[in-house]
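Working notes, structure below.
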Amino acid sequence: MSPTIFREGAFRFFFFSREEMRVHVHVAHTDGEAKFWLEPTIELALNQGLSQKQLNEAQALVHTHHEEIVHAWRVHFGN
């Protein structure tokens, strides 16, 4: 299961239910996918196919929606 947290433009922000417990978010785009750690700081964990411009845009959206993403994580995983 991979609940969608939100969509913006060509990006879909989501996480996998049965993955590691470190708070992070996946970002899907038609060109590829990225993963960002959210704690202790927001940082790129993985990039598969996104350009630097797309990564910058995705990371800016992660910053903008940080509280929403962490809240969705805590509600979904119960911590």
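A short reminder: the numbers here are calculations on the coordinates, not readings from a lab. Computed from a prediction, not measured in an experiment: that's the story for all the values here. Glycine also receives a Cβ, built like all others from the backbone with ideal geometry; neighbour counts cover every protein chain displayed.
The single condition among (1) assigned to a helix (DSSP H, G or I); (2) closer than 28 Å to Asn79 by Cα; (3) touching a strand residue (DSSP E or B) at 6+ places or on another chain (Cβ under 8 Å) that Leu44 does not meet is (1). Close contacts from the stretch 10-30, counting a first residue that is without any contact (Cβ under 8 Å) to a residue 12 or more places away in the chain and a second that is in a strand (DSSP E or B) and buried (at least 18 other Cβ atoms within 10 Å of the Cβ), with Cβ to Cβ under 9 Å and a gap of 6+ residues or different chains, come to Glu19/His26. Among the residues of the stretch 46-72, those identified as farther than 14 Å from Phe13 by Cβ and touching a residue at least 12 places away in the same chain (Cβ under 8 Å) are Leu46, Asn47, Gln48, Gly49, Ser51. Just so you know, in the stretch 42-79 the residues that are surrounded by 17 or more Cβ atoms within 10 Å (Cβ to Cβ) and under 13 Å from Asp31 (Cα atoms) include one that is nearest to the chain's Cα centre (by Cα), and it is Ala58.
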